[in-house]
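Here's the structure we're looking at; comments come further down.
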Amino acid sequence: DSGVTQTPKHLITATGQRVTLRCSPRSGDLSVYWYQQSLDQGLQFLIQYYNGEERAKGNILERFSAQQFPDLHSELNLSSLELGDSALYFCASSVVGTGYSPLHFGNGTRLTVT
Amino acid sequence: AQKVTQAQTEISVVEKEDVTLDCVYETRDTTYYLFWYKQPPSGELVFLIRRNSFDEQNEISGRYSWNFQKSTSSFNFTITASQVVDSAVYFCALSEADKLVFGAGTILRVKS
């Protein structure tokens with residue numbers, strides 16, 4: 001068990017809808033990352049937060065947004081969903097940045113858009 | 001930008017065979033970190049090892065070993081005496097600033 005908790009495990013929704021994915025990092029970890037895993041794109045970095053502030057942005061669509069709250073949990077909001085957004089979304093946490101410690105991943109949220 | 005190449009898309013072996021998973025990386029950084037992760041059929045990503053660019057010593061952990069060669073920009077992973085439970089997707093990753101860049105992964109199938 002990595003200590004990173006993601007909810008829900010599965011999500012099925014229709015095109016055009018909005019969903020929120022939730023992540024609780026490991027105790028003591030200040031940094032949260034979101035990754036998207038799809039068959040055609042592999043593991044893609046979306047966004048990183050450190051202690052409540054956005055630190056790095058990757059290939060995140062404008063329809064997607066995220067935030068990290070004072071208790072360090074994070075939410076990833078996906079709106080105007082399209083079929084192509086179907087993927088496994090991972091949250092990961094680390095103490096600071098990857099140079100100091102590895103990322104510890106949650107079990108992922110599998111999103112299916114129909 | 002950093003790049004990680006795992007040229008082997010899929011490997012099939014029979015139990016007890018040794019298998020090596022290749023990883024080649026590109027970076028302009030002088031200090032960087034390399035990682036291996038395992039994704040079993042259940043889907044979670046499990047951290048296996050981290051290596052920094054200044055430490056070229058090979059590492060062995062049970063049946064797992066890693067060979068880091070800076071001269072060829074490679075960080076290969078060998079499983080000795082493979083077991084069915086080793087069946088998974090294995091990802092090599094490289095640090096870029098504060099995030100990880102992943103390779104496409106290698107599917108390892110170990111048959112009994």
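Key figures for this structure:
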{"quantity": "Peptides ranked, highest mean first, by Cβ atoms within 10 Å: ranges B:67-73, B:2-8", "calculated": "B:2-8, B:67-73"}
{"quantity": "Occluded residues from region B:63-112, i.e. those whose accessible area drops by 20 Å² or more once the chain is not alone (1.4 Å probe)", "calculated": "B:91, B:98, B:99, B:100, B:102"}
{"quantity": "Neighbourhood net charge (13 Å Cβ-Cβ; Lys/Arg +1, Asp/Glu -1) for residue B:58", "calculated": "-1"}
{"quantity": "Apportionment of accessible area to carbon and sulfur, region B:1-72, percent (1.4 Å)", "calculated": "45 percent"}
{"quantity": "For region A:9-108, projected area of the alpha-carbon convex hull averaged over all directions, nm²", "calculated": "6.1 nm²"}
{"quantity": "Residues residue B:80 and residue B:29, FRET efficiency given R0 of 35 Å [Cβ-Cβ distance, rounded to 0.05]", "calculated": "0.65"}
{"quantity": "Most mobile of B:75, B:54, B:102 in a GNM of chain B (Cα contacts under 10 Å)", "calculated": "B:54"}
{"quantity": "Residue B:17 long-range amide H proximity, modeled H, under 5 Å", "calculated": "B:82"}
{"quantity": "Peptide-level mean, for A:102-112, of C-beta atoms on other protein chains within 10 Å", "calculated": "4"}
{"quantity": "Within 10 Å of each Cβ in A:44-53, the average number of Cβ atoms from other chains", "calculated": "1"}
{"quantity": "Tensor-based shape of region B:36-112 (alpha-carbon gyration tensor, a/c under 1.5 rounded, otherwise prolate or oblate)", "calculated": "oblate"}
{"quantity": "Average other protein chain Cβ within 10 Å of Cβ, residues B:28-41", "calculated": "2"}
{"quantity": "Environment charge at residue B:17 (Cβ cut-off 11 Å; Lys +1, Arg +1, Asp -1, Glu -1)", "calculated": "-1"}
{"quantity": "Chain B: relative contact order in percent, alpha carbon pairs under 8 Å with at least 6 residues between", "calculated": "39 percent"}
{"quantity": "GluC sites (Glu not before Pro), loop per DSSP, at most 15 other Cβ atoms within 10 Å - longest free stretch of chain A", "calculated": "A:1-61"}
{"quantity": "Spin-label pair residue A:13/residue B:16, simplified geometry with 7 Å Cα→Cβ offset, distance in nm", "calculated": "5.1 nm"}
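The values are calculated or read from the model by the stated rules, or taken from the named source; none is laboratory data. These figures come from a predicted structure and were not determined experimentally. Glycine gets a Cβ as well: all are built from the backbone with ideal geometry, and neighbour counts include every protein chain shown. Keep in mind that these areas ignore ligands, DNA and RNA; they rest on the heavy atoms of the full protein, side chains included. Shrake-Rupley method; radii C 1.70, N 1.55, O 1.52, S 1.80 Å.
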